[in-house]
1. How many percent of Cα pairs in the range 375-459 exceed 14 Å?
2. Using only alpha carbons, build the gyration tensor for the range 33-115 and give me the equivalent ellipsoid semi-axes, biggest first, whole Å.
3. Might you tell me the accessible area per residue for the chain, computed with a 1.4 Å probe and given in Å²?
4. What part of the accessible area of the range 33-115, given as a whole %, is carbon or sulfur when the probe is 1.4 angstrom?
5. Take the Cβ-Cβ distance between Cys414 and Ser447 as r, set R0 to 25 Å, and report the resulting FRET efficiency rounded to the nearest 0.05.
6. Under 16 Å from a label point 7 Å along Cα→Cβ of Arg278: give me every residue in the range 154-187 with its amide N that close.
7. Quick one: net charge around Ala266, please, counting Lys, Arg +1 and Asp, Glu -1 for every other residue with C-beta under 9 Å from its C-beta.
8. Using alpha carbons only, how many angstrom separate the centre of the range 318-349 from the centre of the range 170-191?
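The values are calculated or read from the model by the stated rules, or taken from the named source; none is laboratory data. Predicted model, so just to flag it, every value in this text is computed and none were measured. Here the Cβ positions follow ideal geometry from the backbone for every residue, glycine too, while neighbour counts run over all protein chains shown. What goes into the accessible areas is simple: the full protein's heavy atoms, side chains included, and nothing from ligands, DNA or RNA. Shrake-Rupley method; radii C 1.70, N 1.55, O 1.52, S 1.80 Å.
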Amino acid sequence: MTASPKSPDAATQANAMWGGRFAAGPDAIMQAINASIGFDQRLYAQDIQGSRAHAAMLAAQGILTNKDAEAIGEGLLTVLSEIETGAFPFRVELEDIHMNVEARLKEIIGEPAGRLHTARSRNDQVAVDFRLWVRDQCDAAITGIEALIAAFLAQAEAGADWVMPGFTHLQTAQPVTWGHHMLAYVEMLGRDRSRFVDARDRMNECPLGAAALAGTGFPIDREMTARALGFDRPTANSLDSVSDRDFALEFLSASSICALHLSRFAEELVIWSSAQFRFVRLSDKWTTGSSIMPQKKNPDAAELLRSKIGRILGATVALFTVMKGLPLTYSKDMQEDKEQVFDAADTLMLGLAAMTGMVQDMTANRDSLAAAAASGFSTATDLADWLVRELDLPFREAHHITGALVAEAEAQGCDLPDLTLEQMQAVHAGIRANVFEVLGVENSIRSRTSYGGTAPDNVRAQVARWKTALSTPEKP
């Protein structure tokens, strides 16, 4: 006798996880738009970790027998091994990683597998899986940032007293040190590091036990599962627990800012490695040639890194757009959270690793840096400051006199230190011979001793501070 469309066998065949509520399977297009196993299988380790903690808690509370809990725990380890060795049969019709793991667990251990889902829902299950995964990515980002900071610190220490031009509007402004410029990126990355640390602290609450949205009537112990999964505490509101994706948004926001910093230095590498600047030489590991121009050595890695901010910022905007109009609690829209975060995390980690390699391998051209530092009237501000200190002039008057001296130097086709004392005194009679002591770029950088300034001793002190900060668990 042919089974009725509403018989248990037909319903089970149509969708083994939904049971008798649905008499027919989904349309192929519905299945394609609904299934997430193609990407959320990346959560397998976190899913199994959460399920094992849940099963252990159910047994401790007397909701599961110890025998069933042990079978579930061992079976989940078998599933984990199958996935890690590539032997696991992922099935699109089972939609997601949760259903795939549970179905395979049932094939391995039988009836006890059906008890695993007691007192939980896919809503709190995916919330804890995703939170665990993002927390791991925060840890990875922190490690990657610290490696890049160390690379910048090595450059800063080596060039603590190397002079180079500091720029505003990409025009020569004042002399600075190479080490000081490197430390500017250390400060940026330090803030990036702190953002990931802060985001991790904030997300470290466990949503498992919120069930579908209202909690559960079973006598579960949420503190136990939170501790088992390394969380500080369980989340306090079941509605918020299953609908919150702030942790993912914070991760993406921190990633976007970090990627922006990588992009800014990548832009400088592109400029600095050009024939017009020759400030740095990138190693062959991070450059490519031209198919037609044999002389070319293109900074392709830096250019690609410069563009990666687009992917990460795009993911950030995409998830904000998904979440902005959702009523409480869970909506299927939220399935669109993972691919954005997965791609952003992959892109950020690749960018951090590539930039670390480039910074470690790049060689600064000290002679070109020094020559550029001395050009463009870069010590004009030092001259103005001298006029204020030595002649007690108001700064605005000193600024005006210095501007006139720059114009005179331009007319003579020379730089400020090349003007004679007589030429300077023709602009202001009070100028004395010791003015030349402040016009050299070396004198200029040594004089910038205010906290945060470019003086070589300042640079060395900041390098030492950061080395200490990286060697301790505290934030810098």
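1. 62
2. On the way: eigenvalues 103, 31, 26 Å².
Three semi-axes, in Å: 23, 12, 11.
3. Working: 22500 Å² over 476 residues.
Using a 1.4 Å probe on heavy atoms only, each residue of the chain averages 47 Å².
4. In the range 33-115, the share of accessible area belonging to carbon and sulfur is 49 percent.
5. 0.65
6. Under cut-off, by backbone N: 165.
7. Local net charge: 0.
8. Their Cα centres are 35 Å away from one another.
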